[in-house]
Amino acid sequence: MKALIQRVRHARVEVAGELLGAIDQGLLVLVGVEAGDDRARADKLLHKLLRYRVFADDAGKMNRSLQDIGGGLLLVSQFTLAADTRSGLRPSFSSAAPPEEGEALYRYLLEQARDRHPQVAAGRFGAAMQVHLQNDGPVTFLLES
């Protein structure tokens, strides 16, 4: 699994003008599910998402996690993260999980996140979404599990 995480001041996701989820300070996470990913990888990714130290402490160093600050977590599925872009001028999606497997694993990740963290919002798997955010920093990392 891949997750592009962005530290945000606030973020929201909409479909056709309908607000699906919003957070204030926290992490916007774009989630890509690849063929061969499983629940163990999703669990490992969630562990990292909640504990990855990307928020400033009192000295201005990135020493605080999402759990430490009590921030929001906005999970948005994005199969394009699984694209192979190493050659040519068009991405290949052969490494992405099939849609039904990708959705099942995304839903599992979302359920586990909601069980472990108080502020979790989400987009809609497979939908054409509009994501609005104010990146804080900017601070962006690609996590892989």
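Selection over the range 79-128 of residues that are farther than 28 Å from Asp68 by Cα, among the acidic types (Asp, Glu), in a helix (DSSP H, G or I) and free of Cβ contacts under 8 Å to residues at least 60 places away in the same chain gives a count of 2.
The residues in the range 53-71 that are under 18 Å from the mean Cα position of the chain (by Cα) and part of a loop (DSSP other than H, G, I, E, B) can be counted, and the count is 5. Just one residue in the set Leu20, Leu50, Leu28 is touching a helix residue (DSSP H, G or I) at 6+ places or on another chain (Cβ under 7 Å) and at negative phi; that residue is Leu50. The condition of being at pLDDT 95 or above and among the basic types (Lys, Arg) holds for only one of Arg86, Arg39, that being Arg39. Among the residues of the range 24-48, those that are touching a residue at least 60 places away in the same chain (Cβ under 8 Å), within 26 Å of Pro138 (Cα to Cα) and of a type outside the set (A, V, I, L, M) comprise Gln25, Gly26, Gly32, Lys44, Lys48. May I ask you to list the residues in the range 25-42 that are aliphatic (A, V, I, L, M) and part of a strand (DSSP E or B)? The answer is Leu27, Leu28, Val29, Leu30, Val31.
Tallying residues that are among the acidic types (Asp, Glu) and either assigned to a helix (DSSP H, G or I) or closer than 21 Å to Glu34 by Cβ (or both) within the range 129-145 yields 1. Counting residues in the range 1-8 that are modelled with pLDDT of 95 or more and farther than 15 Å from Val139 by Cα gives one or more. All conditions in (1) exposed (fewer than 12 other Cβ atoms within 10 Å of the Cβ); (2) over 17 Å from the mean Cα position of the chain (by Cα) hold for Asp115, with the sole exception of (2). Based on what the data block shows, is Leu45 of a type outside the set (Gly, Ala, Ser), closer than 22 Å to His132 by Cα and assigned to a helix (DSSP H, G or I)? Here the answer is no, as Leu45 does not meet what is asked.
Screening Leu110, Leu73, Leu105 for residues that are farther than 24 Å from His10 by Cβ, among the hydrophobic types (A, V, I, L, M, F, W, C) and surrounded by 15 or more Cβ atoms within 10 Å (Cβ to Cβ) leaves exactly one candidate, Leu105.
The values are calculated or read from the model by the stated rules, or taken from the named source; none is laboratory data. This is a predicted model, so every value here is computed, not measured. Glycine gets a Cβ as well: all are built from the backbone with ideal geometry, and neighbour counts include every protein chain shown.
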